[in-house]
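Before any comments, here is the structure.
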Amino acid sequence: MLKKRIIPCLDIKDGQTVKGVNFVDIRNAGDPIELAKRYVKEGADELVFLDITATVDGRKTFAKLVEEIAHEINIPFTVGGGISSVEDAAVLVKAGADKVSINSAAVKRPELVYEIAHEFGSQFVVVAVDADLVNGEWKVFVKGGREATDIDVFEWAKKVEELGAGEILLTSMQNDGTKAGFAIELTEKLAANLNIPVIASGGAGSIEHFAEVFEKTKATGALAASVFHFGEIPIPQLKEFLRHKTIDIRI
């Protein structure tokens, strides 16, 4: 059984960390390198950095910033945004990323998952799945949550697993930024249907929400942003709470 992971997410726009609600209403949350260093000290297990407008703006991900981050931290970190080829992934490997996260480009061309996994190993490939309800069914969204597809979330996750994805980063757009809790039913169903780790994302607002997602689903990671960025949930306090709940987390 994999130990549970606490994962701060830094959404990057114009070199700064930002945070929105339901993928909109963006506000500044500080310098990404300083935040990353803080999270290492506080005991975060991994970090995720997402260039949230790279795909929309038609840019490649921020390789120079990735390099600067790699020099400053000693825990695994995932980078996403604007990655559409093995060459894009190679740039980030060289810059120091431990994993890459792909979303829109994988939906457009699913073979990309296989190609990156074949080149660097499945453990390097995280497929981000932005999910929202459309007429009562969970569908995949792309371009930073701006564009709906008719792709079923559960079928898509199974497909990318078969193509070589090593992990799924599942974000419920309905829950994102609301602080009302993770999408438990969605996460439970998706994680139960896969043989690869699932990170739950979207909606964390209290330490109890983290315990709930770990106790009620097979998610092996829980990701959050603003509650960590603005000090609402200190990571040491969160980990102590989870230990008291006898949830098997990383030390």
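The values are calculated or read from the model by the stated rules, or taken from the named source; none is laboratory data. Predicted, not measured: the structure shown is a model, and the values here were computed from it. Neighbour counts are summed over all protein chains in view; Cβ atoms, including those assigned to glycine, are modelled from backbone coordinates with ideal geometry. These accessible areas exclude ligands, DNA and RNA; they are computed on the full protein's heavy atoms, side chains included. Shrake-Rupley method; radii C 1.70, N 1.55, O 1.52, S 1.80 Å.
Quickly run through region 96-116 and pick out the residues that are open to solvent by less than 10 Å² (accessible area, probe 1.4 Å), in a helix (DSSP H, G or I) and touching a Gly at 6+ places or on another chain (Cβ under 9 Å).
Scanning region 96-116 gives 113, 116.
Filter region 63-95 for residues that are farther than 20 Å from residue 39 by Cα and among the β-branched types (Val, Ile, Thr); which is most open to solvent (accessible area, probe 1.4 Å)?
Result: 91.
Considering only residues of region 39-49 that are assigned to a helix (DSSP H, G or I) and touching a Pro at 6+ places or on another chain (Cβ under 9 Å), which is most open to solvent (accessible area, probe 1.4 Å)?
Going through region 39-49, the residues assigned to a helix (DSSP H, G or I) turn out to be 39-42.
Those left that are additionally touching a Pro at 6+ places or on another chain (Cβ under 9 Å): 39, 42.
Working: 39: 0, 42: 52 Å².
By that ranking, first place goes to 42.
A quick yes/no check of all residues on (1) open to solvent by 10 Å² or more (accessible area, probe 1.4 Å); (2) farther than 24 Å from residue 156 by Cβ; (3) not acidic (Asp, Glu):
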position: 178; (1), (2), (3): yes, no, yes
position: 181; (1), (2), (3): no, no, yes
position: 186; (1), (2), (3): no, no, yes
position: 195; (1), (2), (3): yes, no, yes
position: 201; (1), (2), (3): yes, no, yes
position: 227; (1), (2), (3): no, yes, yes
position: 248; (1), (2), (3): yes, yes, no
